Amino acid sequence: MDIEKNIPKDEPAVLLSAIVERMKLKELIATYSDAGRNEYPPKVLLKICIYGYMRKIISTREIERACRENINFMYLLNGEAPPDHNTIHRFRSKHLASCQDAILKEMAEILQDMGELSFENSAVFIDGTKIESVGNRYQFVWKKSVQKHMEKLQQTIREKLPGLLKSVGLRFYIEGEVKSKHLQKFRKQLCAIMKQEKIEKVSGKGKRKSQHQRVLETLEDWIGRIKSYTAKVHICGSRSSYCKTDPEATFMRMKEDHMLNGQLKPGYNINTATVSEYVVGNYVSSDRTDTVTAIPFMEKLRSAYPVKRVVYDSGYESEENYRYFEENPGIELYVKPANYEQKKQRKYRTDISRRENMAYDRIQDTYTCAEGKILRKVGTKHTKSSTGFVSEKTIYECGECSGCPRKGECIRSRSATPLDQRNKRLEVAQYFAEQRRNMTEKISTDEGKLLRMNRSIQAEGVFAYIKTDLSFRRFMTHGKKRVGAEWTLLALAYNVLRMHHKSRNGRLGMHLYEMVTV
């Protein structure tokens, strides 16, 4: 049977095959051993994996079945026998995972050579989403809970250990925290005593354990618990939780809430960069917030592409990120401030307790409240973020708040101190406030509006298409490296489908959507 005669010319599989054939895939081929012959050409395996994700077939067994039954998969096999599901799994989790970024970059370079992708005529649009891990939703470990149990165990050890050691002729002389190495030392001494006095361990019904054996078992129990708690805290690292069946996944709040109770699920924070409607980079993170992923993802993109303009949404705004782009002036930043939409509301504009609604005198460095009273600088404070960034905040306070008729409207913060004994205080990060004002003006220009509109279409459109059209809501593999390989296959599939869609709609060579004025 001549398979090519039965494949339409506009079938996405034909386009996929043509693009992959142009790729050299040196990094992928280098993951294979030089000894012996490869059972399947890497290009063939890459084609069928990408096409599987294009057609919502992500299970390795389902891909194997499709290679035997689906004519499009047979066309991509190019005469090769259908591969076993283990071969497909090894390719995806071992070979592709080792060079996923290089393959995505090579496809981006091919699209750039074809004139479909341009960093000059477009910008890098970045957005993030959370996707559930394959890990069990109910096998969770919470860092605070583990630390609480560790504190209780330490208290128990400090209370009971001296008496237990004294009962077997040992002395307790540890200061501070009792660690597993201290208990192991006591266990070693106790075993030596039991061997010297010929005290045997007994077990079973009718057997009476000696005091030495009871103390030994208690020490071993404490040693095991300390090691377990320490390992769990180490796995958490800077995170607040992890999943037992997928330790690199963090429990996060997802948009898909099947129980309608705000349930936390193990997942990954996926950040994607698009240019000219095509995905050019991915960043898989275990962090729950986007602010901490902006800089490492930007470093990754800068090392691969000539990035000139980057557009974020409000979830990436922070003082640390502002300073990063100020220190790297070659990249023009566009990010919507977190309070941009709030400032449009009448309730926000009429709230006299907010700093933004107070008059600021740059020369005197003072704020004036709605009643005309002055808030003067009284000090500074420094705060440290989870990434180690130190932010300086200036403290302003009003000394004329007593007897003010609008004091209840102006002072909204909660405190145990009665309202009549309190004065209005402000903590202002001046650099961050200045950057936010400048960015508000920047994104309000015609260019800023155009780029923000395209970010919502191109960057958010990737997640909308993958989640809705491709029905991808949960990963099939464990660990950030394998999850990254899976998301790379989705990105490659999206790029092929996007090019196919643009060709059918006469949009090839277009990089930005134009503003429509009514």
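The values are calculated or read from the model by the stated rules, or taken from the named source; none is laboratory data. These numbers come from a predicted model, not from an experiment. Please note: Cβ atoms are built from the backbone with ideal geometry, for glycine as well, and neighbour counts cover all protein chains shown. We work out accessible area using only protein heavy atoms, side chains counted, and drop any ligands, DNA or RNA first. Shrake-Rupley method; radii C 1.70, N 1.55, O 1.52, S 1.80 Å.
All told, Lys105 falls short of being on the phi > 0 side of the Ramachandran plot and within 31 Å of the chain's Cα centre (by Cα).
Of everything in the range 362-379, what is open to solvent by 60 Å² or more (accessible area, probe 1.4 Å) and not in a loop (DSSP other than H, G, I, E, B)? Give them in sequence order. Within the range 362-379, Arg376, Lys377, Val378 meet the criteria.
Give the range 478-488 a look and list any residue that's in a helix (DSSP H, G or I), farther than 15 Å from Lys467 by Cβ and not basic (Lys, Arg), or say none. Matches in the range 478-488: Val483, Gly484, Ala485, Thr488. Are any residues in the range 211-229 among the aliphatic types (A, V, I, L, M) and over 13 Å from Ile157 (Cα atoms), and if so, which ones? Scanning the range 211-229 gives a single hit, Leu216. Filtering the range 267-293 to residues that are in contact with a helix residue (DSSP H, G or I) (Cβ under 7 Å, 6 or more places away or on another chain), closer than 28 Å to Leu450 by Cβ and in contact (Cβ under 8 Å) with a residue 40 or more places away in the chain leaves Ile270, Asn271, Thr272, Ala273, Thr274, Glu277, Tyr278, Val279, Val280, Gly281, Asn282, Asp290. Among the residues that make up the range 43-51, is at least one of them more than 30 Å from Tyr305 (Cβ to Cβ), open to solvent by 30 Å² or more (accessible area, probe 1.4 Å) and out of contact with any strand residue (DSSP E or B) (no Cβ under 7 Å at 6 or more places or on another chain)? Looking for residues that are more than 30 Å from Tyr305 (Cβ to Cβ), open to solvent by 30 Å² or more (accessible area, probe 1.4 Å) and out of contact with any strand residue (DSSP E or B) (no Cβ under 7 Å at 6 or more places or on another chain), one finds none in the range 43-51, hence no. Look at the range 169-180: where a residue is of a type in the set (Phe, Trp, Tyr) and a partner is not in a loop (DSSP other than H, G, I, E, B), sitting 6+ places away or on another chain with Cβ atoms under 8 Å, you get Phe172/Leu161; Phe172/Pro162; Phe172/Leu165; Phe172/Lys166. Looking across Tyr396, Tyr340, one residue alone is among the aromatic types (Phe, Trp, Tyr) and within 30 Å of Val311 (Cα to Cα). It is Tyr340. When Glu434 is tested against the conditions (1) surrounded by fewer than 16 Cβ atoms within 10 Å (Cβ to Cβ); (2) more than 30 Å from Glu326 (Cβ to Cβ), the lone failure is (2). Could you count how many residues in the range 27-69 are within 20 Å of Glu11 (Cα to Cα), in a helix (DSSP H, G or I) and under 31 Å from the mean Cα position of the chain (by Cα)? Residues that pass the stated criteria total 12.
In the range 72-87, the qualifying residues are those that are in a helix (DSSP H, G or I) and farther than 19 Å from Glu21 by Cα, and the one that is most open to solvent (accessible area, probe 1.4 Å) is Asn86.
Whenever a residue of the range 17-33 is at negative phi, its partners that are in a loop (DSSP other than H, G, I, E, B) and open to solvent by less than 40 Å² (accessible area, probe 1.4 Å), lying with C-beta atoms within less than 7 angstrom and at least six residues away or across chains, give the pairs Glu27/Cys99; Leu28/Cys99; Thr31/Cys99. In the range 129-147, the residue that is nearest to Lys467 (Cα to Cα) out of those that are surrounded by 17 or more Cβ atoms within 10 Å (Cβ to Cβ) and among the small types (Gly, Ala, Ser) is Ser133. Scanning for something closer than 25 Å to Asn321 by Cβ, in contact with a helix residue (DSSP H, G or I) (Cβ under 7 Å, 6 or more places away or on another chain), of a type in the set (Val, Ile, Thr) and at pLDDT 95 or above, does the range 463-486 turn up at least one residue? Looking for residues that are closer than 25 Å to Asn321 by Cβ, in contact with a helix residue (DSSP H, G or I) (Cβ under 7 Å, 6 or more places away or on another chain), of a type in the set (Val, Ile, Thr) and at pLDDT 95 or above, one finds none in the range 463-486, hence no.
Can you tell me which residue is farthest from Gly372 (Cα to Cα) among those in the range 383-427 that are acidic (Asp, Glu) and out of contact with any Leu (no Cβ under 9 Å at 6 or more places or on another chain)? So the residue we want is Glu392. In the range 466-518, how many are within 21 Å of Ser122 (Cα to Cα) and either surrounded by fewer than 22 Cβ atoms within 10 Å (Cβ to Cβ) or aliphatic (A, V, I, L, M) (or both)? Qualifying residue count, the range 466-518: 22.
On inspection, Ile110 passes the criterion of being open to solvent by less than 30 Å² (accessible area, probe 1.4 Å), touching a Lys or Arg at 6+ places or on another chain (Cβ under 8 Å) and either touching a residue at least 24 places away in the same chain (Cβ under 8 Å) or of a type in the set (Ser, Thr, Tyr) (or both). Scan the range 148-164 and give yes if some residue there is touching a helix residue (DSSP H, G or I) at 6+ places or on another chain (Cβ under 7 Å), polar (S, T, N, Q) and open to solvent by 60 Å² or more (accessible area, probe 1.4 Å), otherwise no. So far as the range 148-164 goes, no, none of its residues is touching a helix residue (DSSP H, G or I) at 6+ places or on another chain (Cβ under 7 Å), polar (S, T, N, Q) and open to solvent by 60 Å² or more (accessible area, probe 1.4 Å). Taking the listed residues Ile363, Ile331, Ile352, the one that is within 30 Å of Lys407 (Cβ to Cβ), touching a residue at least 24 places away in the same chain (Cβ under 8 Å) and of a type in the set (A, V, I, L, M) is Ile352, with no other qualifying. When restricted to residues that are farther than 27 Å from Leu15 by Cα and in a loop (DSSP other than H, G, I, E, B), the range 95-139 contains 7.
Of the helices (runs of 4 or more DSSP H) lying entirely inside the range 248-352, the ones with 2 or more residues being basic (Lys, Arg) and either open to solvent by 30 Å² or more (accessible area, probe 1.4 Å) or farther than 26 Å from Ile131 by Cβ (or both) are found at 294-302, 346-349. Scanning the range 349-382 for residues that are under 11 Å from Lys424 (Cβ atoms) and aliphatic (A, V, I, L, M) gives Ile352, Met358, Ala370, Ile374, Leu375.
Contact map, the range 207-225: residues that are closer than 19 Å to Lys181 by Cα paired with residues that are open to solvent by 10 Å² or more (accessible area, probe 1.4 Å) and among the small types (Gly, Ala, Ser), Cβ distance under 9 Å, separation 6+ or inter-chain. Pairs shown: Val215/Ser167; Trp222/Ser180; Ile223/Ser180; Gly224/Ser180.
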